[in-house]
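Note sheet for the following structure.
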Amino acid sequence: MTEHFSYVQLAALVLAGIFLKRLLRKKSEPLPPGPKKLPLIGNLLDMPSSQEWFTFAEWAKKWGDIVSVSVLGQQIIIVNTIDQAMQMLDKKSSIYSDRPIIQMGGELVGWRNTLALLPYGDRFRNYRKLFHQAIGTHSAMSRFYVVEELETQLFLKRILSNPDDLAAHVRKTAGAIILRISHGYEVKEKEDPFVTLADSATEQFSLSTAPGVFLVNLVPALRHIPQWFPGGGFKKIAAQWAQTLVDMAEGPHQFVKKQMEVGKAEDSFTLRLLESPDYTPAQEHDIKWSAASLYSGGADTTVSAIYAIFLAAVLNPGAVRKAQEELDRVTGNNRLPTFADRVDLPYTNAFALEVLRWHSVTPTGVPHRVSEDNVHNNYFIPKGALVITNIWTMAHDTNVYSDPFNFNPERFLGPNPERDPRDFCFGFGRRQVLACIFNSSGELKISSLESVQAPQGSSTLHLSLTIPAAHWPLLQRHLESTSDRPGTMMLLGLTVSPNATLSSSDLLVQTHAEEPSPLTDKVDSHLKDAAEACGSIGMANFMPAAVV
């Protein structure tokens, strides 16, 4: 009895010490301000049930750039400005890159296997490596341009033949483009099983991760109750949705493998990885689920982006006329535009940028999770807190954009354009959409490239790049977020260490990239990629869909 009591006392002392430590720290470094909390439930009654970005924007006006709330003990940090999000999620990406543990969607249904909810760790890093390996260069993505152009023409044909079914046409086209890129699969003109699976899975993802839909997301311990127990019906739903998700990932993957067996597999993200010299059977799980991440996430967000274009066109006929006049000047009346025309279409490009800013596809993104205690701007950010970036508010910040509620593509033209929305609309830190950097980095001019063989058998590739000075801050802030080695970043498929020096209006970036020997076979390929990158950088034409 005495021994048992001493253990209880010891446990109580330890818990008291932990509580006292947190109490003292919170007292010296307070949480960010926010609405007044009620006992036990915190701000549960304050949380909006829909369009939360509007409520968060009102809170920002009252409490500032960083707001904190608590819901049933879960601390939530809401970041409302671009600069604060960059300071927190980019510069401290090593501790702000985890994802929340969502019991229904992530654990029971299985979405934790996709990039959307994949925990930060070795598997996450491997997924990023696979993306860089297969589609991480302009050259790699440009091979799919013909697919995108063809599917766009089919999309226009469908609209002309049946304009009343716009929603179905948009969804079919988005699914068709992404399935061709992810798996080399050509969708059927009528209802397609893989597109239907993606539609069902993404709808189930939204429901299984939405706050308040399933009690198990608020009370995680409920996941352990049996299905037959009162209130355990969610487990039957989870099992059904889990099978839908598995089918969505497995079906297209097996299609590629069967096509490979008969020598008919089309070029795709999956095929490139399965045929890679570095491929091992142990990688198949990650290849399958990283491809499913493109396929599932891309289908939903691309549809939203295309809807936004139609909405902007209907509400802003004057802007549409200007874009149409520019297109007519460049392409005439006898052909449709292609990716090759993009460099000659500044207003049309600005129109697309304004759509991204004006109508955010993901107004609050996907929450990040803090992996250790942190102090930011003299505020205490506790381990396990969820960080929500209010992208909608950032895109409508009057300190960043003039008349932000007005649709105005001209804001991105001229000698002093306003901030490029691609700086933030694809997310922050190591969760940002891969390859967005290159889309925003403008022109890359290769001035020299040399391979040097080291005595130990390793090789060093020396490059000199000239990057417009205006784009250097964007590139610089991703040094940490695009590579797991401090002070390096992924560039043209290599890990490079930049050393920037000012050169007139541009920045000369001297880089070197260490690669296993032999390197000589790769030099021509990387030089070609670099040269092609000097042209129109179009990687985000598809990649905005792949919200990570």
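Nothing in this text is a laboratory measurement; each read-out follows from the coordinates by a stated rule. Remember, predicted model here, so these are calculated numbers, not experimental data. Note that we place each Cβ from the backbone using ideal geometry, even for glycine, and neighbour counts take in every protein chain shown.
What to note about this one:
- Lysine pairs meeting the criterion (Cα under 24 Å, 8 or more apart or interchain), as found in region 111-198: 5
- If a spin label sat at a point 7 angstrom from the Cα of Q254 along the line to its beta carbon, the backbone N atoms of region 191-234 nearer than 20 Å would be those of 192-202.
- Legend: calculated FRET efficiency, A239 to N406, from the Cβ-Cβ distance at R0 = 56 Å, rounded to 0.05, equals 0.70.
- Extending 7 Å from Cα along the Cβ direction at I159 and again at E325 yields two label points whose distance is 2.1 nm.
- Taking θ as phi - 60° and the Karplus parameters 6.51, -1.76 and 1.60, the scalar couplings of region 105-116 work out to x, x, 8, 7, 7, x, 5, 5, 7, 9, 4, 4 Hz in sequence order, x denoting glycine and proline.
- Between K37 and L207, the modelled labels are 3.3 nm apart [label points 7 Å from Cα along Cα→Cβ].
- The stretch between T398 and A282, if pulled fully straight at 0.36 nm per residue, gains 36.7 nm over its current Cα-Cα span.
- Sorted by Cβ density within 10 Å, fewest first, the residues I381, I309: I309, I381
- Between the beta carbons of A168 and N416, assuming R0 = 56 Å, the FRET efficiency works out to 0.85 to the nearest 0.05.
- Compactness of region 244-386, expressed as Rg and Dmax over alpha-carbon positions, Å: 22.0, 62
- Paired Rg and Dmax values of region 89-167, which use every Cα atom, in angstrom: 18.9, 52
- In summary, region 123-315 shows an alpha-carbon radius of gyration equal to 1.16 times the 2.2 N^0.38 Å reference for compact globular proteins.
- Options F155, L179, A134, ranked by Cα towards positive dipole end of region 103-215, top entry (Cβ charges): A134
- Spacing of the two label points (7 Å from each Cα toward its C-beta) at R125 and V343, in nm: 3.8 nm
- Between amide H atoms placed 1.01 Å from N, distances below 5 Å from G34 occur with S68, all of them 5 or more places distant or on a separate chain.
- Annotation: extensible slack from I225 through N333 equals 32.4 nm (criterion: 0.36 nm per residue apart, minus Cα-Cα distance).
- Dimensionless Rg/Rh of region 374-426 - Kirkwood Rh, Rg from C-alpha atoms: 1.13
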